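The structure appears below as structure tokens.
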Amino acid sequence: MTSTFHVRGGKPLNGEITVRGAKNLVSKAMVAALLGDETSILRSVPDIRDVQIVTELLKVHGVKVERDVEAGTIRMDSTNVERAHAAEIDAHAGSSRIPILFCGPLLHRLGEAIIPDLGGCRIGDRPINFHMDVLRNFGAVVDKREQGIYITAPGGLKGAKIHLDYPSVGATEQVLLTAVRAEGITELSNAAVEPEIEDLIAVLQKMGAIISLQTDRTITIEGVERLGGYDHVAIPDRIEAASWACAALVTKGDVLVRGAQQKPMATFLNVFRKIGGGMDITEEGIRFFMPETPLRAIAMETDVHPGFMTDWQQPLVVALTQAEGISIVHETVYENRLGFTEALNDMGARIQVYRECLGGSSCRFGRRNFNHSAVISGPKALTAADITVPDLRGGFSYLVAALGAEGVSTIRGIDLIDRGYESFREKLTALGADYWED
Ligand code: EPU
């Protein structure tokens, strides 16, 4: 059920909240459980819609899943894995890209995999070509059929030498989840090395995999015949933590994010400090606050790890509307991730987007007609508006903007935020936000 959300902004967010496991690790670690023939236990699992989606997808494939939402634990018994119908997978997956990652594990367990609705509008303009290329490298045969793509591996899956043209997170995960049980050695070069990927490697190692990660983005995997279960505490959600950090700045507040960890957030913390945000880093979490002095403008770009995450970009842009001077943000991971700035302009911000690569090195989107650089002039007082959530991160950023704006904003489609921000309503209440829903 979709509801309309109203926020009376202009009130500092003060207090503390807790972040649990990262959405972008938890879903993959759940898929990894399919590869083993024992029970796996994942801990610190947040109560978000993506976890529900993967739970249902595992269940339709015969995995017994028991979940304690409050404790944040999921037990997955994948002793028996069964075929599922494309329609069933489609019904549970919704717009999620997770089914793509089931391919390797299902090929190992069942000899075939189905991905419904390939490349249709549900997946949008985020293609899956890297994934299909990777699977072909292992010897899989990809057959496009009416109900989706049907993948088999008639000669079995064999280790391969694979190079990614771009260090894609999903394609790297696809390689890991396929190579661990493929015959022989796989060498992946130009791999993504995000902390969530390192955590997935840790999960797979617990299951019995042999994986080494070199400093030059090369990952070597020695295939093994069987994998067992795992017991693992998920790495905390550094995207959620950074989103609340920006909310603290925009509302001139003071928020302790329990569970936030310094190392996976190092690049964000550097930028946060450069723009003048206040922080205290401790063992229990990170406190983010607005200091006495005004925020400063910055020129920066998003990039793959160890660069500044693309998912940190949207909340940061909202914070930059409050910084003194001209900021430049160059988005190099997604070609189309600045559309949300239009609504911010309606709220009083002054953001112009450009096709050129501004503020950093030229990227693969330069001269290709994508508005992927933003120039933000600040500080600009934000005023309330009637806005509709465009996507997960853009949606949370609208919420942040509304919290910092004078007047009552109406946010439509707020439920999309439940995909990746655990109990955000309760957290807003704990921080003293003034909001209601109808
Ligand atoms: N790409 C292709 N072909 C492919 C796959 C990707 O061209 O087959 C392109 C994408 O269009 C994009 C770039 O490669 O321009 C990077 O995509 P990547 O594969 O790295 O992203 P992903 O695995 O689809 C994950 C996260 C995203 C996060 C990115 C980058 C999950 C479920 N999603 O996506 O998170 O932005 O990595 O770090 O892990 C979010 O949490 O809101 C979110 C979008």
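The values are calculated or read from the model by the stated rules, or taken from the named source; none is laboratory data. Just so it is clear, the model here is predicted, and its values are computed rather than measured. All Cβ positions, glycine included, derive from the backbone under ideal geometry; neighbour counts span all protein chains shown. For the accessible areas, the whole protein counts, side chains as well, though only heavy atoms, and no ligand, DNA or RNA atoms are used. Shrake-Rupley method; radii C 1.70, N 1.55, O 1.52, S 1.80 Å.
Scanning the stretch 94-106 for residues that are away from the ligand (no atom under 16 Å from the Cβ) and over 24 Å from the mean Cα position of the chain (by Cα) turns up nothing. What number of residues within the stretch 280-325 are polar (S, T, N, Q) and touching a residue at least 40 places away in the same chain (Cβ under 8 Å)? Qualifying residue count, the stretch 280-325: 4. For T341, the conditions (1) surrounded by 17 or more Cβ atoms within 10 Å (Cβ to Cβ); (2) within 16 Å of the ligand (Cβ to nearest atom); (3) among the polar types (S, T, N, Q) all hold with the exception of (2). How about the stretch 98-126: which of its residues are at pLDDT below 85 and in a loop (DSSP other than H, G, I, E, B)? Selection gives D117, L118, G119, G120, C121, R122, I123, G124, D125, R126.
For H131, the conditions (1) within 15 Å of the ligand (Cβ to nearest atom); (2) touching a His at 6+ places or on another chain (Cβ under 9 Å) all hold with the exception of (2). Residue count for the stretch 352-374 satisfying the condition of being open to solvent by 10 Å² or more (accessible area, probe 1.4 Å), away from the ligand (no atom under 16 Å from the Cβ) and in contact with a Ser or Thr (Cβ under 7 Å, 6 or more places away or on another chain): 5. Here P236 meets the list (1) within 26 Å of G10 (Cβ to Cβ); (2) buried (at least 24 other Cβ atoms within 10 Å of the Cβ) almost entirely, failing just condition (1). The residue pairs whose first member lies in the stretch 178-195 and is modelled with pLDDT of 95 or more and open to solvent by less than 10 Å² (accessible area, probe 1.4 Å), whose second member is charged (D, E, K, R) and within 16 Å of the ligand (Cβ to nearest atom), and whose beta carbons are closer than 9 Å, counting only pairs six or more residues apart or on different chains, are L188/R217; A191/R217; A192/E173; A192/R217.
Please work out if L176 is closer than 19 Å to L107 by Cβ and more than 11 Å from the ligand (Cβ to nearest atom).
So L176 passes the test.
Looking at the stretch 248-262, can you tell me whether even one residue there is among the aliphatic types (A, V, I, L, M), within 16 Å of the ligand (Cβ to nearest atom) and under 18 Å from the mean Cα position of the chain (by Cα)? Steps first, answer last, please.
First, the residues of the stretch 248-262 that are among the aliphatic types (A, V, I, L, M): 248-250, 255-257, 260.
Narrowing the set further to residues that are within 16 Å of the ligand (Cβ to nearest atom) leaves none.
Scanning the stretch 248-262 turns up no residue that is among the aliphatic types (A, V, I, L, M), within 16 Å of the ligand (Cβ to nearest atom) and under 18 Å from the mean Cα position of the chain (by Cα).
Apart from one condition, G156 fits all of (1) surrounded by fewer than 23 Cβ atoms within 10 Å (Cβ to Cβ); (2) in contact (Cβ under 8 Å) with a residue 24 or more places away in the chain; (3) assigned to a loop (DSSP other than H, G, I, E, B); (4) within 13 Å of the ligand (Cβ to nearest atom); the exception is (4).
Would you check which residues across the stretch 68-89 are surrounded by 18 or more Cβ atoms within 10 Å (Cβ to Cβ) and in a helix (DSSP H, G or I) and list them? Spell out how you get there, then give the answer.
Applying the first criterion (surrounded by 18 or more Cβ atoms within 10 Å (Cβ to Cβ)) to the stretch 68-89 yields 72, 74, 76-78, 81, 84, 86, 89.
The answer is A86, I89.
Only one of the listed residues (R258, R287, R226) is over 26 Å from G360 (Cα atoms), in the same structural domain as E196 (by TED's automatic domain parsing) and either at pLDDT below 95 or open to solvent by 30 Å² or more (accessible area, probe 1.4 Å) (or both). That residue is R226.
Can you tell which of V65, V26, V31, V7 is open to solvent by less than 10 Å² (accessible area, probe 1.4 Å), away from the ligand (no atom under 16 Å from the Cβ), outside any loop (DSSP other than H, G, I, E, B) and touching a helix residue (DSSP H, G or I) at 6+ places or on another chain (Cβ under 8 Å)? Lay out the reasoning, then the answer.
Values: V65 fails: open to solvent by less than 10 Å² (accessible area, probe 1.4 Å); V26 fails: away from the ligand (no atom under 16 Å from the Cβ); V31 fails: away from the ligand (no atom under 16 Å from the Cβ).
None of the other options fit; the residue is V7.
Residues that are over 29 Å from V304 (Cα atoms) and of a type outside the set (A, V, I, L, M, F, W, C) were ranked within the stretch 380-405; the one that is least open to solvent (accessible area, probe 1.4 Å) is G404.
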